[in-house]
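Note sheet for the following structure.
The values are calculated or read from the model by the stated rules, or taken from the named source; none is laboratory data. Since the model is a prediction, treat every value here as computed from it, not as a measurement. For neighbour counting, all protein chains shown are included, and Cβ atoms are generated from backbone atoms with ideal geometry for every residue, glycine included.
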Amino acid sequence: MLERVFLCPENLEEMMNNNLQFHPETLSVRAGSESTEYGENSEALFLNSSFRFKSAAQAAARFGGTEPGNIYSRFTNPTVTMFQNKLAALEGAEQCVATSSGMSAILACVMGLCSAGDHVVASRSIFGTSVQLFGNILKRWGLDVTFVSLTEPDEWKDAATAKTKLFFVETPSNPLTEVCDIRLLADIAHQAGAHLVVDNCFCTPAIQRPLALGADIVIHSATKYIDGQGRCLGGAVLGSKALMEPVYGFLRTAGVTMSAFNAWVFLKGLETLHVRMEAHAKSALALATWLEAQPQVSRVHYPGLKSHPQHTLAMSQQLSGGGIVTFEVKPTSGKTAQESAWALIDSTQLISITANLGDAKSTITHPATTTHSRVTPEARTAAGISDGLVRIAVGLEHIEDLKADLALLTS
Ligand SMILES: *Cc1c(COP(=O)(O)O)cnc(C)c1O
């Protein structure tokens, strides 16, 4: 059993760098990179579907798994392999399975590791589409799912049964940036004979490495910060070789594969991950601090703020608060909370009105009527997603231009 350790920010960096041969910034640029006989310095894009064998015997050996090598791009492609190896190095994982999207990463994880009749305990505060996948689609195929509070460890303890295979969390959560104690939840999962899965989309390994904190599996929507510039859809599942084998087996058979082109874009995205995440987090903290002082804002949710309920915990497992800031707009002059939130969103000229996040372009969205609109009003209220809530994924524009774009809040 894992011992519970409280990490202080001073040794967090050391902990994150532990067992890495190079510093994370170097791994972002160099890890996983391979080159062909042409000696290209930037990774090549292998946009082909199949690979030739020298002989029938070699084909048989490749298919039989006795000889490593590429076969067919549904499950082996050199560009995708380079992306997988780079991300695995960054997360400190033995193996990475790249997928066509973040949602197919979650699907592949569950399909690989669970069967009908198995049970999953999931946080109530997860991405709206993840709620649909667990609570609706996978439920129809015989997966039993219990939703509990991200921040109440006792609820996880009580929900676990002999059939529980996975605990599933996002930390910080979308959209409220709630934070759970990864090490403590990993302990509870392991005591129940289950594995802890962390969707690390909001932080990326530049800010938080869940496996080093005791989690068993990391999920990514590469669509977000790993790309970083809003171009491609992709995802990844990471963990030990033993856990990834059935996940890879599902991908190979079902074909929820990352395209080589997208892997090539993500390889470039990962090279700049650390500088981007530092810039996102610096602006997000400045914006969150500014928002807290505005008369039209009743509450700001950002793990980097002292007012955040799990600020100390967040700063013990994350290097920064990340790039997402959520806040509640006060209902003004006869308007409902939703009307006030929409008025702010519609008043922006610079910030993009889109539900995506992790882009160089700042984005603004109204979770209750977009990402979480398919969640029932009762479930939304239970998850704390009010009608006045607005989420900004802080991009790489100048902070003063972002504040100016939100001038409606200052009136
Ligand atoms: C976007 C997102 C997903 C889904 O990823 P896609 O690439 O859009 O399929 C999963 N989890 C979180 C936290 C996300 O923000």
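For segment 31-69, give me the residue count where each residue is surrounded by 11 or more Cβ atoms within 10 Å (Cβ to Cβ), among the hydrophobic types (A, V, I, L, M, F, W, C) and over 34 Å from the mean Cα position of the chain (by Cα). Of the residues in that region, 4 qualify.
LEU350 falls short on exactly one of the conditions (1) buried (at least 17 other Cβ atoms within 10 Å of the Cβ); (2) closer than 21 Å to GLU400 by Cβ, and that condition is (1).
Residues satisfying the criterion are absent from segment 272-281 (criterion: touching a residue at least 12 places away in the same chain (Cβ under 8 Å), within 16 Å of the ligand (Cβ to nearest atom) and either touching a Lys or Arg at 6+ places or on another chain (Cβ under 6 Å) or of a type in the set (S, T, N, Q) (or both)).
So that you can scan it fast, the table gives a plain yes or no per residue for (1) closer than 25 Å to SER386 by Cα; (2) among the polar types (S, T, N, Q); (3) surrounded by fewer than 24 Cβ atoms within 10 Å (Cβ to Cβ); (4) in contact with a helix residue (DSSP H, G or I) (Cβ under 7 Å, 6 or more places away or on another chain):
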{"site": "GLU152", "(1), (2), (3), (4)": "yes, no, yes, no"}
{"site": "LYS163", "(1), (2), (3), (4)": "no, no, yes, no"}
{"site": "SER173", "(1), (2), (3), (4)": "yes, yes, no, no"}
{"site": "LEU185", "(1), (2), (3), (4)": "no, no, no, yes"}
{"site": "ALA206", "(1), (2), (3), (4)": "no, no, no, yes"}
{"site": "ALA212", "(1), (2), (3), (4)": "no, no, yes, yes"}
{"site": "VAL237", "(1), (2), (3), (4)": "no, no, no, yes"}
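All conditions but one from (1) part of a helix (DSSP H, G or I); (2) surrounded by fewer than 23 Cβ atoms within 10 Å (Cβ to Cβ); (3) away from the ligand (no atom under 16 Å from the Cβ) apply to ALA288; the one that does not is (2). Here MET82 meets the list (1) farther than 29 Å from SER373 by Cα; (2) within 14 Å of the ligand (Cβ to nearest atom); (3) not aromatic (Phe, Trp, Tyr) almost entirely, failing just condition (2).
Does LYS157 fit the bill of being assigned to a helix (DSSP H, G or I) and over 18 Å from GLN208 (Cα atoms)?
Values: assigned to a helix (DSSP H, G or I): yes; over 18 Å from GLN208 (Cα atoms): yes.
Yes; evaluated as a whole, the condition is true for this residue.
Scanning segment 93-123 for residues being within 14 Å of the ligand (Cβ to nearest atom) and either closer than 21 Å to ALA186 by Cα or of a type in the set (A, V, I, L, M) (or both) gives a total of 10.
For segment 117-136, state whether one or more residues are part of a loop (DSSP other than H, G, I, E, B), at pLDDT 95 or above and within 23 Å of GLU245 (Cα to Cα). Break it down stepwise before answering.
If we filter segment 117-136 for residues that are part of a loop (DSSP other than H, G, I, E, B), which is where we start, we get 117-118, 124-127.
Now drop any that are not at pLDDT 95 or above, which leaves 117-118.
If we keep only those that are within 23 Å of GLU245 (Cα to Cα) too, we end up with 117-118.
Yes, because at least one residue in segment 117-136 is part of a loop (DSSP other than H, G, I, E, B), at pLDDT 95 or above and within 23 Å of GLU245 (Cα to Cα).
Please list, ordered by residue number, the strands (runs of 3 or more DSSP E) wholly in segment 160-260 having 2 or more residues that are closer than 19 Å to GLN310 by Cβ and within 12 Å of the ligand (Cβ to nearest atom).
Per the criteria, 164-170, 195-199.
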